[in-house]
Amino acid sequence: MTMDLTNLRIGYVPYNNKLDQPGDNRRFCYYAKKRNIAFEIADPAENYDLVIVSERGDLSVWSDYRRGKAKVVYDFIDSYLAISRWNLKGILRGFAKYATGQSRYMRLNHWKAIEAMCRRADAVICTTDEQRQDISKFCKNVRIILDIHTVYNKVKTDYSAHKVFNLVWEGYPHNLPPFFEIKDVLKEINAKRNIALHLVTNLTYGQFMGKYWKRSTADIARKIFNNVYLYDWNKQLCPTIICACDMAVVPLFLNDPLSAGKPEDKLALFWRMGMPAIVSATPAHAKVMSQVGLQDMACRTPKEWKAALEYYIANEPARRRAGECGRIFAETQRSEEMIFEQWDNLLTSVLGK
């Protein structure tokens, strides 16, 4: 890294102050640690040379922060701008953030709050080409930077199937509902070949704003599939559980802009560990699957999910090829150093050094 940032005061607006959320430790915080960049939890009452605002930041405050003085980078990873302006959750999101204290000032129109944040930012980070197109209306400097997944250092080598074929998924509990799209498929396959579903996630979650109306993840998991196992997410245990399973799955709602607008981050996480994965054919998933030559592993309909699952469950060489090809892609096209260089280039563009 060629930039000298030692004389700059850098603030970071985190997902939480413990810096233990994936949005923190798979993105700026991990990069800063590896590049020896000193930063502090940002306080809008303080003066900084550079502020990195995560998606969980208070847009009502940071969209007006020291205009014309401090440099601001907005790490905006989800496709909220693609959501219909008639979407009920979208309409209520601004009020909900104010009512729960996530926003200091009332911003009833959350879309407008995001637009204001993008206009204030000297650069916006996003995760897909489609998202970049939406953001570019409000900011000229938009960069695509994905998560860093090298915190999981285990690699699958044994692709032989177990007597019970084990499928695995990793993520937040509120991203489990897309499994209902393939619930019947899993049931049909299980009638012919015993399968189990392993979910590495949080055991409880908040249905409202991610923290309110606490619910047990087991409640929703049992509605998805009978033979399901839950594991509380843990950085040390997670890769061991994943690599012990036979194949990963990443279902998403293709008719929901926020869900369909997700990047290939989770797929890249599995691929880095050599895990074959069957996924929903979002634009990002379809693109990278095509690049690797695994188009049949990106599914649009329950019929395609069933065909892909049946084929790869029965075909060990195909699973091995998928896992090994995916790992090569992750190591060469989504490597840690490549993502670090993207952050380097971003900061250079903002700081003008």
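The values are calculated or read from the model by the stated rules, or taken from the named source; none is laboratory data. Note that the coordinates shown come from a computational prediction; the quantities given were computed from them, not determined experimentally. Note: ideal-geometry Cβ built from the backbone for every residue, glycine included; neighbour counts use all protein chains shown.
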message: Can you say whether A96 is assigned to a helix (DSSP H, G or I), modelled with pLDDT of 95 or more and either in contact with a Ser or Thr (Cβ under 8 Å, 6 or more places away or on another chain) or surrounded by fewer than 19 Cβ atoms within 10 Å (Cβ to Cβ) (or both), as far as the supplied structure shows?
response: no
- prompt: Looking at the range 32-48, is at least one residue at pLDDT 95 or above and touching a Ser or Thr at 6+ places or on another chain (Cβ under 6 Å)?
  reply: no
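Would it be correct to say that N141 is in the same structural domain as W86 (by TED's automatic domain parsing) and in contact with an Asp or Glu (Cβ under 7 Å, 6 or more places away or on another chain)? Let's see the steps before the verdict.
Details: in the same structural domain as W86 (by TED's automatic domain parsing): yes; in contact with an Asp or Glu (Cβ under 7 Å, 6 or more places away or on another chain): yes.
Answer is yes for this residue.
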field: Number of the condition not met by G171 [criteria: (1) small (G, A, S); (2) touching a residue at least 12 places away in the same chain (Cβ under 8 Å); (3) under 20 Å from P302 (Cβ atoms)]
entry: (3)
Unmet requirement for N255, which otherwise passes all of (1) without any contact (Cβ under 8 Å) to a residue 24 or more places away in the chain; (2) assigned to a helix (DSSP H, G or I): (2)
- prompt: in the same structural domain as G323 (by TED's automatic domain parsing) and closer than 21 Å to N25 by Cα, is that true of D219?
  reply: no
task: Go over the candidates N175, N87 one by one and state the one that is under 25 Å from S280 (Cα atoms) and in the same structural domain as V61 (by TED's automatic domain parsing).
output: N87
query: Name the pairs: first residue in the range 1-21 and assigned by TED's automatic domain parsing to the domain that holds E341 and of a type outside the set (A, V, I, L, M, F, W, C), second residue at pLDDT below 90 and part of a loop (DSSP other than H, G, I, E, B), Cβ to Cβ under 6 Å, at least 6 apart or on different chains?
result: Y15/Q21
- prompt: If you check R300, R272, which single one turns out to be outside the structural domain of I77 (by TED's automatic domain parsing) and within 14 Å of E324 (Cα to Cα)?
  reply: R272
- prompt: Name the pairs whose Cβ atoms lie under 7 Å apart, with the first residue in the range 208-223 and more than 14 Å from P177 (Cα to Cα) and in a loop (DSSP other than H, G, I, E, B), the second of a type in the set (V, I, T) and at pLDDT below 90, and 6 or more positions between them or separate chains?
  reply: M209/T100
query: If we scan the range 304-325, do we find a residue that is modelled with pLDDT of 95 or more and either within 21 Å of the chain's Cα centre (by Cα) or not assigned by TED's automatic domain parsing to the domain that holds P251 (or both)?
result: yes
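Take the residues in the range 275-287 that are in contact with a Gly (Cβ under 9 Å, 6 or more places away or on another chain) and either without any contact (Cβ under 8 Å) to a residue 12 or more places away in the chain or among the hydrophobic types (A, V, I, L, M, F, W, C) (or both); name whichever of them is nearest to S160 (Cα to Cα).
First, pick out the residues of the range 275-287 that are in contact with a Gly (Cβ under 9 Å, 6 or more places away or on another chain): 275-277, 282-284.
With the extra rule that they be either without any contact (Cβ under 8 Å) to a residue 12 or more places away in the chain or among the hydrophobic types (A, V, I, L, M, F, W, C) (or both), the set shrinks to 275, 277, 284.
Numbers: M275: 12, A277: 15, A284: 29 Å.
Here the residue is M275.
Quick one: in the range 45-86, which of the residues that are of a type in the set (S, T, N, Q) and surrounded by fewer than 16 Cβ atoms within 10 Å (Cβ to Cβ) is nearest to A32 (Cα to Cα)? Steps first, please.
Our first condition is that a residue be of a type in the set (S, T, N, Q); within the range 45-86, this holds for 47, 54, 60, 63, 79, 84.
Going one step further and asking which of them are surrounded by fewer than 16 Cβ atoms within 10 Å (Cβ to Cβ), we end up with 47, 84.
Working: N47: 20, S84: 35 Å.
The residue in question is N47.
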- prompt: Can I189 be described as out of contact with any Gly (no Cβ under 8 Å at 6 or more places or on another chain), surrounded by fewer than 21 Cβ atoms within 10 Å (Cβ to Cβ) and at pLDDT 95 or above?
  reply: yes
message: Restricting to the range 113-137, give me the number of residues that are within 23 Å of the chain's Cα centre (by Cα), surrounded by fewer than 18 Cβ atoms within 10 Å (Cβ to Cβ) and in contact (Cβ under 8 Å) with a residue 12 or more places away in the chain.
response: 2
